[in-house]
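These notes are about the structure you will find just below.
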Amino acid sequence: MIEIKTASGSNRDVHRVGALNTPQRLGPVAIIFLGPPGAGKGTQARHVANVYRFPHISTGDVFRSHVAKKTPLGLQAAKIMSRGMLVPDEVVCGMLSEHIRGLGFAGCLILDGFPRSVAQAKWLDRFLYMRSGVSHDLQCNAPAAIQISIERDQLLRRLAGRRSCPTCGRTYNLYFQPPRNPGICDYEGAELVMRPDDSENVVRERLMIHDQNALPVTEYYLRKGRLLEIDGNKAAEAVRTAIAVELESVFALARA
Ligand code: AMP
């Protein structure tokens with residue numbers, strides 16, 4: 001039997017839980033990261049994915065890779081994304097379903113930036129049910145949604161300072177997590193870039209759209225008893241610990 005350490009446990013212990021058990025049987029079929037753009041969803045989701053060795057799927061990243069490759073989907077999405085709008089539900093769901101099938105992985109998924117509407121959340125429940133064949137009425141298998149909340153001032157500074165490496169995709173922040181040499185990736189030496197949709201007017205649009213859509217999605221998971229709320233105003237390390245503690249209890253519940 002595998003021991004799960006609680007609050008004071010190290011990442012290694014959390015890792016053992018995820019790595020040694022069959023996620024479908026012993027934990028949620030998906031871990032969903034919710035929160036406004038700039039709340040740190042991507043950083044935290046990538047970390048959890050590394051710790052548990054689950055695939056990290058950011059629908060924004062998948063769209064950006066389609067845009068870069070100029071696929072028909074990319075050409076369609078680029079116009080919408082550059083205005084900070086949401087891609088229609090059926091397009092996102094179709095793309096996500098194809099992407100997940102392409103992974104050839106049967107276990108728990110880490111979803112970042114999806115769902116962004118109740119229609120997407122309902123689609124996801126149906127999709128995960130078909131994929132795992134296990135009813136999510138058994139709470140231990142239900143997707144767990146981690147809601148990262150953050151104050152608006154903090155959020156705007158994070159978005160304005162966000163830069164990424166075009167080569168390796170690592171993200172930095174000019175205010176909170178600057179590279180060693182200004183404007184240069186610590187690992188690749190490449191010049192850091194700002195996402196086109198992080199410009200001030202597009203950010204404003206993205207936040208407005210987020211505000212319109214987020215509450216019903218949060219309520220959807222709250223009603224189902226699957227919402228884990230995290231204070232995202234703290235430093236990334238503290239947020240990481242708070243998430244680890246919440247996830248430990250989710251996995252412990254699944255094993256009970
Ligand atoms: P993100 O990197 O998550 O902020 O996503 C960047 C852009 O991709 C968003 O502003 C949307 O245009 C599009 N996008 C990503 N995920 C979704 C989604 N679940 N639903 C609709 N549009 C999305």
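The values are calculated or read from the model by the stated rules, or taken from the named source; none is laboratory data. Keep in mind the model is a prediction, meaning the values are calculated, not measured. As a convention, Cβ positions derive from the backbone with ideal geometry for all residues, glycine included, and neighbour counts pool all protein chains shown.
Residue-by-condition table, conditions (1) modelled with pLDDT under 95; (2) exposed (fewer than 14 other Cβ atoms within 10 Å of the Cβ):
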| site | (1), (2) |
| --- | --- |
| 92 | no, no |
| 114 | no, no |
| 126 | yes, yes |
| 137 | yes, yes |
| 151 | yes, yes |
| 160 | yes, no |
| 164 | yes, no |
| 175 | yes, yes |
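Note on region 38-87: residues that are within 12 Å of the ligand (Cβ to nearest atom) and over 19 Å from the mean Cα position of the chain (by Cα) amount to 10. Residues of region 98-151 that are touching a helix residue (DSSP H, G or I) at 6+ places or on another chain (Cβ under 9 Å) and among the polar types (S, T, N, Q): 117, 120, 132, 135, 139, 141, 147.
Condition check: outside the structural domain of residue 197 (by TED's automatic domain parsing) and within 18 Å of residue 123 (Cβ to Cβ). Does residue 89 satisfy that?
Values: outside the structural domain of residue 197 (by TED's automatic domain parsing): yes; within 18 Å of residue 123 (Cβ to Cβ): yes.
Against the criterion (outside the structural domain of residue 197 (by TED's automatic domain parsing) and within 18 Å of residue 123 (Cβ to Cβ)), residue 89 qualifies.
Note on region 89-134: residues that are among the small types (Gly, Ala, Ser), free of Cβ contacts under 8 Å to residues at least 60 places away in the same chain and away from the ligand (no atom under 12 Å from the Cβ) amount to 4.
From the list 148, 209, pick out the single residue that is within 16 Å of the ligand (Cβ to nearest atom), under 26 Å from residue 109 (Cα atoms) and in a helix (DSSP H, G or I).
Working: 148 fails: in a helix (DSSP H, G or I).
Going through 148, 209 in turn, just one is within 16 Å of the ligand (Cβ to nearest atom), under 26 Å from residue 109 (Cα atoms) and in a helix (DSSP H, G or I): 209.
Does any residue of region 189-205 turn out to be over 22 Å from residue 64 (Cα atoms), modelled with pLDDT under 90 and either away from the ligand (no atom under 16 Å from the Cβ) or assigned to a helix (DSSP H, G or I) (or both)? No: region 189-205 contains no residue that is over 22 Å from residue 64 (Cα atoms), modelled with pLDDT under 90 and either away from the ligand (no atom under 16 Å from the Cβ) or assigned to a helix (DSSP H, G or I) (or both).
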